[in-house]
Amino acid sequence: MDQKRTAEFVDQSWQSSIVPALTEYIRIPNKSPAYDADWAKHGHMDRAVKLIEGWCRSREIEGMKLEVVRLEGRTPVIFMEIPGTNGTSTGANDTVLLYGHLDKQPEMTGWNAGLGPWEPVMKGDKLYGRGGADDGYAAFASLTAIGALKAQKTPHARCVVLIEACEESGSYDLPYYIDHLEKRIGPVSLVVCLDSGCGNYDQLWSTTSLRGLAAGNLTVEVLTEGVHSGSASGIVPSSFRVMRTLLSRLEDEKTGKVLLKEFDVDIPAQRLQQVKATCGVLGDLIWKEFPWAGGTKPMVSDNVEMMLNRTWRPTLSLVGASGIPEPGNAGNVLRPKTTVKISMRVPPMADSERCTKKMKEVLEKDPPYGAKVTFEPESAADGWNAPELAPWLEAATNRASKSYFGKDAMYMGEGGTIPFMGMLGKKFPKAQFLITGVLGPSSNAHGPNEFLHIPTGKKITSCVASVIEEHATRPK
Ligand SMILES: [Zn+2]
């Protein structure tokens, strides 16, 4: 492909149609089913599907078949098939699977003045709003990359684009679609996933591992109704204190280290090397990107340890709570119960189901004071560790990065979870993966002030086109 023509095609597509479509997309509050149980009735998901479907059809990509697949009672999937061209070295029976999702995280609080989750705002190079970067742009960027190949009549293998609507809920609907579409997906030799992160906006970052997730709600009940704390405290144990004791079974509250051995994995030597290389490039940006309050410092002082903590070690977060009133409405009451939502990131290669079971066992065993303790697990998601990188893909990734960013590609583990990658790794053990994305420093997917860095979106789109081109001529 001609590099300049590709960059121009991609730039034109982003400016004239992707940015306007994303602007519209951000306005739709299509929260993932875990955060909107009535998603089907509300119709936001359907609006988002219609928007993306309409955009994709209007590309008029030669030979493309698009279907919105709907299995009864499940979130929909947009499925596109683009036939391969002649002139590839690998024959017709070879598929590139491009993946993204269109469901969104909930609003979250803390948006800056003038910004909001459902309010698209362009400031400089950044498009603010929920779901633009995570992961609304994926469908648009994927088809634009394919369109760039078509525009230059560049040979490419068969491409399949799959956009799901359940990712932010742990992709629990997706296995049913994978079974349903298995024959139509075909033998996948390359997976391109645009739902991941980048260490900076200066080069192409390829994700080499993802953490998994074990989650659930922990409830401690000590009374059937609240009572005057003046009369009960000292006799009735506080549900919050019992909760603290239970949480200390999971982690060392002084260091944040998770205490359960089931959650630990051996870190592969190559990944350790990559972490060191990443720290060499990013330096203190690793921790300086976060909006620290007051004099707060990182959990550890060494950057390599920080990156290992973030990508290869389990960490506990409490992401929600109930049974506790807002301070302005809180009387002196010994509350009957406390619930917290536990979100435990688990290392790549750890068995998330087993970790969840272990948490339940440890939390519910021998409750202090015989309190009523229940842990209700949510669906677990495994992490992922990339298979050994094929030489052709390593070369192609680096060439793409040099062409469109002007710098070498980098390899980095991510601390988040993309459940589909774990599923795909099992289903297509021979497939190669290019997992990348626009979630770089301060882009803050899941939090307030999420933004999409448009120049990075464009460059990544060109890089994807370039890698698909090289995939078609790779040595067999
Ligand atoms: Zn995402």
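See the values below:
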{"read-out": "On Cα atoms only, tilt of 3-13 relative to the major axis of the chain in degrees", "value": "60 degrees"}
{"read-out": "0 to 90° range, to nearest 10: angle between helix 239-250 axis and the chain longest Cα axis", "value": "50 degrees"}
{"read-out": "Antiparallel DSSP beta bridges within the chain, percent to nearest 5", "value": "65 percent"}
{"read-out": "Cα long-axis angle, helix 454-472 against the chain (0 to 90 degrees, to the nearest 10)", "value": "60 degrees"}
{"read-out": "Accessible area of the chain belonging to carbon and sulfur atoms, whole % at 1.4 Å probe", "value": "51 percent"}
{"read-out": "Accessible surface ranking that places the most exposed of 172, 177 first, with a 1.4 angstrom probe", "value": "172, 177"}
{"read-out": "Cα gyration tensor, the chain - rounded (a/c under 1.5), prolate or oblate", "value": "prolate"}
{"read-out": "Solvent exposure, largest accessible area first (probe 1.4 Å, DNA, RNA and ligands not counted), of 412, 299", "value": "299, 412"}
{"read-out": "Accessible solvent surface per residue of the chain, calculated while the other protein chains remain in place, 1.4 angstrom probe, Å²", "value": "44 Å²"}
{"read-out": "For peptides 114-127, 188-201, sequence by mean Cβ density within 10 Å, most packed first", "value": "188-201, 114-127"}
{"read-out": "By average C-beta atoms within 10 angstrom, highest first, the peptides 215-226, 134-145, 455-466", "value": "134-145, 455-466, 215-226"}
{"read-out": "Between region 335-406 and region 426-476, the Cα center-to-center distance that results, in Å", "value": "22 Å"}
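The values are calculated or read from the model by the stated rules, or taken from the named source; none is laboratory data. Just so we're clear, the structure is a prediction, and the values are computed from it rather than from any experiment. All Cβ positions, glycine included, derive from the backbone under ideal geometry; neighbour counts span all protein chains shown. Surface areas here come from the heavy atoms of the whole protein model, side chains and all, with no ligands, DNA or RNA. Shrake-Rupley method; radii C 1.70, N 1.55, O 1.52, S 1.80 Å.
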